[in-house]
Amino acid sequence: MPPALSDDPALAGLAARIADSRAALVALTQDLIRIPTLNPPGENYRLICEYLDARLSAAGFATELIRAEGTPGDCAAYPRWNIVARREGRRGGETVHFNSHTDVVDVGQGWTRDPFGGALEDGRIYGRGACDMKGGLTASIVAAECFLAEFPDFAGAIEISGTADEESGGYGGVAYLAEKGYFSPDRVQHVIIPEPLNKDRVCLGHRGGWWAEIETFGEIAHGSMPFLGDCAVRHMGAVLQAFETTLYPALAARRTEMPVVPEGARSSTMNINSIHGGQAEKPKDSTALPSHCVPDSCRIVIDRRFLMEERVDEVQGEVRALLDGLAASRPNFRYDLRELNRVLPSMTDRDGPVASTVARAIARTMGREAQFVASPGTYDQKHIDRIGKLKNCVAYGPGLLELAHKPDEWIGVDDMMDSVTVMALSLVELLAGGGTQTR
Ligand SMILES: [Zn+2]
């Protein structure tokens, strides 16, 4: 193991500066949590961009506020604002980009703290978005500020973006910016997304997703004489039965080389998000009794997560073949299959420049080997990969993934401090010619 940072003459200044930034790190995290950027509907995006603009401008970044006009949800009341900030070095070189989403999900029930209060208790900062991912955004800003102060002569450029709508697919955020060329490989060479994957893990990518709605059809009739109609719910029962006997065992048997965590997600999976058949649900406060009808329609929404080793047309074809099989064998079985959305898997090489740099910085900071993982669900890496055509991208940030979207979400200040060091060391290696391994 190399010596501690504080004993390394080339890095002691950086280590001291990071140690001194603890109070500023806490304050910035709290400020960001106190701007409630709830999505949906997409609140306060402009406000958080203006806050980040002031902060990053003060650190010498040139900033751009970009509205993703015409993307889903963008309107006068809830405009989709993004910020991209860039700080040029004194010499030419490569660009390292930190991308964080600024939106947070609904608060939900069960909080014992103010979800937008940013309370600091026993080294933890509480609030919606603390871990996913305002803590990570803060860590990247503080890391860049410390690096800039210690290595003013660096080569290349640093970019920091705060983007909208990751929690709803990223179309008003990273996807839009990628379409506008902000993630083109001639502009940006390394991307780090500070999602909460834990401070000692490098996340190389994510599984794919395919979402679809299946509808079965029947014929309405009086409920006392169901033989005069045709029950769409029973047809759907046959679909679910086929899933149980054929599809689920096949999915469970399919294993991936991707290092997905948790372990259970290292296979193909499918969730049935919803099911509805027959007459509409009555309002909660209604005391009316239902009328008696044979349902003529039943719908389910499926959420199929697939592996790098699978192709999306095969994923779709497998479900369609099962439905066609029922149409051939079951009297009066009619169905409709509508794709809702698809996201392809994304995986970068663990020996690639940004993945290996961050891994070395983790080993240097934490004194143990980094773990390489992949995410069960998707995040904005998909857009950087598919639209931006930029492969050299990982997710790395502080926070426990299991806390994301939960009540009493928190981020640990010590974990953030470690991630600041990892991010700053990565900048040293990529932009200041300082290998963190060889020292
Ligand atoms: Zn997130």
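Search region 231-273 for residues being basic (Lys, Arg) and not in a strand (DSSP E or B), and hand back the single one that is nearest to the chain's Cα centre (by Cα).
Looking at residues that are basic (Lys, Arg) and not in a strand (DSSP E or B), I get 266.
How about region 244-273: which of its residues are acidic (Asp, Glu) and either under 14 Å from residue 305 (Cα atoms) or loosely packed, with under 11 Cβ neighbours inside 10 Å (or both)?
Selection gives 244, 263.
Please work out if residue 137 is surrounded by fewer than 17 Cβ atoms within 10 Å (Cβ to Cβ) and closer than 21 Å to residue 397 by Cβ.
No; evaluated as a whole, the condition is false for this residue.
Output the residue which, of all residues in region 392-425 that are among the small types (Gly, Ala, Ser) and part of a loop (DSSP other than H, G, I, E, B), is nearest to the ligand (Cβ to nearest atom).
Going through the qualifying residues, I end up with 404.
For region 274-313, which residues satisfy the criterion of being exposed (fewer than 12 other Cβ atoms within 10 Å of the Cβ) and not in a loop (DSSP other than H, G, I, E, B)?
If the condition is that a residue be exposed (fewer than 12 other Cβ atoms within 10 Å of the Cβ) and not in a loop (DSSP other than H, G, I, E, B), then 274, 313 are the ones that fit.
Name the residues in region 343-372 that are part of a strand (DSSP E or B) and crowded, with 23+ Cβ neighbours inside 10 Å, would you?
If the condition is that a residue be part of a strand (DSSP E or B) and crowded, with 23+ Cβ neighbours inside 10 Å, then 346 is the only one that fits.
Residues being under 25 Å from residue 48 (Cα atoms) and surrounded by fewer than 24 Cβ atoms within 10 Å (Cβ to Cβ): count how many of those fall in region 146-158.
3
For region 64-75, state whether one or more residues are surrounded by 18 or more Cβ atoms within 10 Å (Cβ to Cβ), under 22 Å from residue 384 (Cα atoms), in contact (Cβ under 8 Å) with a residue 60 or more places away in the chain and within 16 Å of the ligand (Cβ to nearest atom).
No: zero hits.
Residues are listed down the side, and each one gets a yes or a no for (1) loosely packed, with under 14 Cβ neighbours inside 10 Å; (2) within 24 Å of residue 102 (Cβ to Cβ); (3) in the same structural domain as residue 165 (by TED's automatic domain parsing):
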residue: 11; (1), (2), (3): no, no, yes
residue: 14; (1), (2), (3): no, no, yes
residue: 23; (1), (2), (3): yes, yes, yes
residue: 37; (1), (2), (3): no, yes, yes
residue: 52; (1), (2), (3): no, yes, yes
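Output the strands (runs of 3 or more DSSP E) that fall wholly within region 9-111 and possess 2 or more residues being touching a helix residue (DSSP H, G or I) at 6+ places or on another chain (Cβ under 6 Å) and modelled with pLDDT under 95, or say none.
Strands (runs of 3 or more DSSP E) meeting the threshold: none at all.
Being at pLDDT 95 or above, out of contact with any Leu (no Cβ under 6 Å at 6 or more places or on another chain) and closer than 20 Å to residue 55 by Cβ: is that true of residue 135 here?
yes
When region 76-103 is examined, which residues are found to be within 16 Å of the ligand (Cβ to nearest atom) and in contact with a Phe, Trp or Tyr (Cβ under 9 Å, 6 or more places away or on another chain)?
Within region 76-103, 82, 99, 101, 102, 103 meet the criteria.
Out of region 373-391, which residues are assigned to a loop (DSSP other than H, G, I, E, B) and within 16 Å of residue 197 (Cα to Cα)?
The answer is 376, 377, 378, 379, 380.
The values are calculated or read from the model by the stated rules, or taken from the named source; none is laboratory data. These figures come from a predicted structure and were not determined experimentally. Counting neighbours? That spans all protein chains shown, and the Cβs are built from the backbone with ideal geometry, glycine included.
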